[in-house]
């Protein structure tokens, strides 16, 4: 099954490293014109050096007003991947409400903010479009030390469904994917302890963590016309963790 995005323009947030970076690369391989957004200039410079055709944008999504202006100035998009996220994990009793607020601002508020800008353009042009939000298995199954992060990803799943209901009549599809631990810097920071990693792998039927490409490929499918009747879903990419 060949997926092509020739003539399509895509925006990917959190695109400097990890899952976002791989999604950017795979979109370009399929013919999309991609705008990669990150808050870290060095990551963007590295991506640009490797793939000169990518358009890079420095933007801190925590500043909702400023990021709104920046994204509105980038032009029109057909595809959007809301990948940017932060995680501040700790035990329930030690979790600070300020940390939860920081995560909510990036993991939920920024997704809504970015999507509103992109969707208004889609509606104005009457062309439809597709959005994929990168959620987490933490929204689907309880994980110790993840109370704040899980709460934000649960909110993101709910936002995804509401977006799908409201935007479907405009031919704009919205879905989410919910990965398990993926071998990225962000994920491995919380799972670098061998004993803790072994505990998680024992609960994943496939017995391993995922690779960023194993998230990118389902995302590309959901963005493509091959998924034209898929809307409002939250799809685990977890090796069977949430099934057991």
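The values are calculated or read from the model by the stated rules, or taken from the named source; none is laboratory data. Predicted model, so just to flag it, every value in this text is computed and none were measured. Glycine gets a Cβ as well: all are built from the backbone with ideal geometry, and neighbour counts include every protein chain shown.
Taken over region 208-223, the criterion of being more than 22 Å from residue 143 (Cα to Cα) and either in contact with a helix residue (DSSP H, G or I) (Cβ under 8 Å, 6 or more places away or on another chain) or crowded, with 19+ Cβ neighbours inside 10 Å (or both) is satisfied by 213, 216, 217, 219, 220, 221, 222, 223. Say whether the condition of being buried (at least 17 other Cβ atoms within 10 Å of the Cβ), modelled with pLDDT under 95 and part of a helix (DSSP H, G or I) is met by at least one residue in region 165-187. Yes, region 165-187 contains at least one residue that is buried (at least 17 other Cβ atoms within 10 Å of the Cβ), modelled with pLDDT under 95 and part of a helix (DSSP H, G or I). When the criteria are applied in full, residue 207 fails the requirement of being assigned to a loop (DSSP other than H, G, I, E, B) and within 27 Å of residue 8 (Cβ to Cβ).
Surrounded by 15 or more Cβ atoms within 10 Å (Cβ to Cβ) and farther than 27 Å from residue 187 by Cα: does that describe residue 10? Give the derivation first.
Numbers: surrounded by 15 or more Cβ atoms within 10 Å (Cβ to Cβ): yes; farther than 27 Å from residue 187 by Cα: no.
Taking the combined requirement at face value, the residue does not satisfy it.
For beta carbons closer than 7 Å, sequence separation of 6+ or different chains, a first residue in region 119-141 that is on the phi > 0 side of the Ramachandran plot and surrounded by fewer than 24 Cβ atoms within 10 Å (Cβ to Cβ) and a second that is at pLDDT 95 or above and in a strand (DSSP E or B), the qualifying pairs are 128/172.
Screening region 65-77 for residues that are exposed (fewer than 15 other Cβ atoms within 10 Å of the Cβ) and in contact (Cβ under 8 Å) with a residue 12 or more places away in the chain and picking the one that is farthest from residue 125 (Cα to Cα) gives 72. Counting only residues that are in a helix (DSSP H, G or I) and in contact (Cβ under 8 Å) with a residue 60 or more places away in the chain, which one in region 224-244 is surrounded by the most Cβ atoms within 10 Å (Cβ to Cβ)? Out of the qualifying residues, it is 241.
Tell me whether region 161-170 contains one or more residues that are within 17 Å of the chain's Cα centre (by Cα) and under 15 Å from residue 83 (Cβ atoms). Taking every residue of region 161-170 in turn, none turns out to be within 17 Å of the chain's Cα centre (by Cα) and under 15 Å from residue 83 (Cβ atoms).
Pick from 50, 55: which is under 19 Å from the mean Cα position of the chain (by Cα), under 25 Å from residue 221 (Cα atoms) and surrounded by fewer than 17 Cβ atoms within 10 Å (Cβ to Cβ)?
Numbers: 50 fails: under 19 Å from the mean Cα position of the chain (by Cα).
Answer to the selection: 55.
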